[in-house]
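Have a look at the structure below, then the notes.
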Amino acid sequence: MRLFVVLTAAGSGTRLGCNMPKALVPVAGRPLLEWALEGLPSCDFVVVSAPLEQLDRFQSVVSGCDVPAAVVPGGSSRQGSVAAALKTLVNMVDPVQDDDLVLVHDAARPFTPPAVFDRVVAALQNGHRAVVPALSVTDTIKVVTPRTRPDEPVEVVTATPNRATLRAVQTPQGFYLHELAALHQRFSERSLAESTSFSDDAALYEAANLPVVTVEGDCSAYKITTPADLALAKSQHSPHH
């Protein structure tokens, strides 16, 4: 059984307010991509998706880490970026074996604890085909009719789901390589635009009516998306913390 990793790192970082790709934003003097690579479990190979115009900078970071890895251009959506990385991975390891595992992980979750990776892999080894780490939802969630114009002052609530049935999912998400690659090929047209693409890989299994299970996530695996998230990461990982 071989283990591979797809590390998605093609995000622009616009919501962070930085003038560089999110994965290159430094925390404690090291780019998020470096933190993410060093936090990965021991594996056979890693494929990193990166912005096309920044491939050299990403390759420089990857080359400095003790991880066997390649960098590929990302797509127009997260789904497209994963698909591009999977295509490269499948070509590299050809022939793909039935028990080859792949973890799809976000570089924007660079401080994910090793135990989360272990739980995902263990569930795959126990026979589950699609595994996602998840946290219980503590806030009350409302379903609304979204604004049609940015200047609309209100949104209309249409439902309040039972939060006991809700989970906030994280990465790494784990799959069997041949199955995930086939699903990305099957749903490739959805990846062409952000508005139609799947926001995570488990959603492809759901669309194909295939089972997905969750394992316990971790609060430390938070996603760095906003300036507040970045400030938290810097405070937690500063040299003087």
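Structure values in brief
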| read-out | value |
| --- | --- |
| Those residues of segment 138-157 which are open to solvent by less than 70 Å² (accessible area, probe 1.4 Å) and modelled with pLDDT of 95 or more, in sequence order | ILE141, VAL143, VAL144 |
| All positions within segment 214-241 that are closer than 15 Å to VAL131 by Cα and open to solvent by less than 40 Å² (accessible area, probe 1.4 Å) | VAL215, GLY217 |
| Strands (runs of 3 or more DSSP E) wholly inside segment 1-90 that include at least 1 residues being in contact with a strand residue (DSSP E or B) (Cβ under 7 Å, 6 or more places away or on another chain), hydrophobic (A, V, I, L, M, F, W, C) and over 17 Å from ALA181 (Cβ atoms) | 45-50, 69-73 |
| Residue within segment 93-110 that is assigned to a helix (DSSP H, G or I) and hydrophobic (A, V, I, L, M, F, W, C) present | yes |
| Filter pass, VAL121 being open to solvent by 30 Å² or more (accessible area, probe 1.4 Å) and at pLDDT 95 or above | no |
| Residue list for segment 82-105, filter: open to solvent by 10 Å² or more (accessible area, probe 1.4 Å) and closer than 30 Å to ASP56 by Cα | ALA83, ALA84, LYS87, THR88, VAL90, ASN91, MET92, VAL93, ASP94, PRO95, VAL96 |
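This table checks each residue for (1) open to solvent by 50 Å² or more (accessible area, probe 1.4 Å); (2) out of contact with any Gly (no Cβ under 9 Å at 6 or more places or on another chain); (3) modelled with pLDDT of 95 or more; (4) charged (D, E, K, R).
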| position | (1), (2), (3), (4) |
| --- | --- |
| ASN162 | yes, yes, yes, no |
| ARG167 | yes, no, yes, yes |
| GLY174 | no, yes, yes, no |
| ARG186 | yes, yes, no, yes |
| ASP201 | no, yes, yes, yes |
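The values are calculated or read from the model by the stated rules, or taken from the named source; none is laboratory data. This structure is a prediction, so every number in the text was calculated from the model and none was measured. A quick note on method: Cβ atoms are made from the backbone with ideal geometry, for glycine too, and the neighbour counts reach across all protein chains shown. When the accessible area is computed, the model is the full protein with side chains, heavy atoms only, and any ligands, DNA or RNA have been set aside. Shrake-Rupley method; radii C 1.70, N 1.55, O 1.52, S 1.80 Å.
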